[in-house]
1. Explain nothing, just compute: Karplus ³J(HN,Hα) = 6.51 cos²θ - 1.76 cosθ + 1.60, θ = phi - 60°, for every residue of segment 122-135 in order, whole Hz, x for Gly and Pro.
2. Just to check I understand the Karplus step: with θ = phi - 60° and J = 6.51 cos²θ - 1.76 cosθ + 1.60, what whole-Hz values come out for segment 175-189, glycine and proline as x?
3. Amide H to amide H, which residues 5 or more places from Met146 or on other chains are under 5 Å from it, using H placed in the peptide plane?
4. Shape verdict for segment 1-80, please, from the Cα gyration tensor: rounded (a/c under 1.5), prolate (a/b greater than b/c) or oblate.
5. What does the charge add up to near Ala103, with Lys and Arg as +1, Asp and Glu as -1, over the other residues with Cβ less than 9 Å from its Cβ?
6. Restricting attention to segment 167-215, which chymotrypsin sites (Phe, Trp or Tyr not before Pro) occupy a DSSP loop and are surrounded by at most 15 other Cβ atoms within 10 Å?
7. Would you kindly state how much longer the chain becomes between Tyr171 and Glu186 on full extension, computed as 0.36 nm times their sequence separation minus their alpha carbon distance, in nm to one decimal?
8. Give me the one-decimal nm value for the distance between modelled label points at Ser194 and Arg113, 7 Å along each residue's Cα-to-Cβ direction.
Amino acid sequence: MIHIITSENRHLYGPQLWAMHEERRRQCVEKNGWVDLVVLDGGEVDDYDDDRAIYLLGFDDEMRLEVGLRLRPTDDRCMLADKFPHLIAPGETPKKGPDVWEATRLFTTEVYRDRKGPGRGQRVFEVWAAAFEHALRHGVTRFVGMIDMQLYPGILNSPIDTRLVGIPRAYQYGVVAGSEIAVSPELLARVLESICRESPVGYEVDALDMMAFGDLAAVQRQVKRAMTPQLGAGAERDETLAAETLYRLHDTKTAARRIWDDRGHGTRTLHA
């Protein structure tokens, strides 16, 4: 499961978002040496961390941060187009628009990188799958961003077709290039196939989930159960909750959320 965090549910993720900013400081400032970035109270932030930013975060079963990615619409401003236009070749398609989002600040944590055994490495593709799911629901056709060229060989071997939009340029910390990903249902299907998944990966937790299950860890357990095929039936209550969660997971028109809202006045916390 990848948590999709927007301005609508950001208030539910205070400690988790701060852990993200701290991890960005460790990755961008301490590891990569980008000392010109802004660090506030131990966390890396920039002017794109505003109300329009969408954060996709993955946690382990103890809610320790494992992977993160930031998306943001570009119809008002875009880091690539506005601050690094020299990375865009003449004649390229516009990198700002209502159907274009910018993808930045991708990272994995030491907690995740130290993991051994099956499944190691797939969390990055899970966060991209969740990003593509969310983008397609909002009519987005392209992601733009920048990549450090030392990562490019691995990108070429991934199921995600990433196109360079200009000549790579040397900068203070290495070589960087502007990039673009064409978002499509076919791309999403390919990424899901690469991680052996069929069901949606991303989920937007809201107040109704918290009311039903109590906290983010309990919501995550329930959603992961709904995402995972069960070999045998569980208790009737668990099966009902899993069915309702699965319905919400696949609900692209918010009908399930309206149903839950109608029942919400008498809802009590359920321990997942």
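Derivation of every value follows stated rules applied to the coordinates shown; laboratory data play no part. Computed from a prediction, not measured in an experiment: that's the story for all the values here. All Cβ positions, even for glycine, are placed from backbone atoms using ideal geometry, and neighbour counts span all protein chains on display.
1. 8, 5, 4, 6, 5, 5, 5, 4, 4, 5, 5, 4, 5, 5
2. Using θ = phi - 60°, the values come out as 10, 10, 9, x, 9, 8, 10, 7, 8, 7, x, 5, 5, 4, 4 Hz.
3. Result for Met146 returns Ser179.
4. On the way: a/c = 1.77, a/b = 1.07, b/c = 1.66.
Oblate.
5. Working: positive: Arg70, Arg72, Arg105; negative: Glu102.
Here the charged neighbours net out to +2.
6. Numbers: sites: Tyr171, Tyr173, Tyr203, Phe213; in loops: Tyr173.
Sites meeting the loop and neighbour criteria: Tyr173.
7. Values: separation 15, 0.36 × 15 = 5.40 nm, distance 3.45 nm.
Between Tyr171 and Glu186, full extension yields an extra 1.9 nm.
8. Between Ser194 and Arg113, the simple spin-label model gives 2.0 nm.
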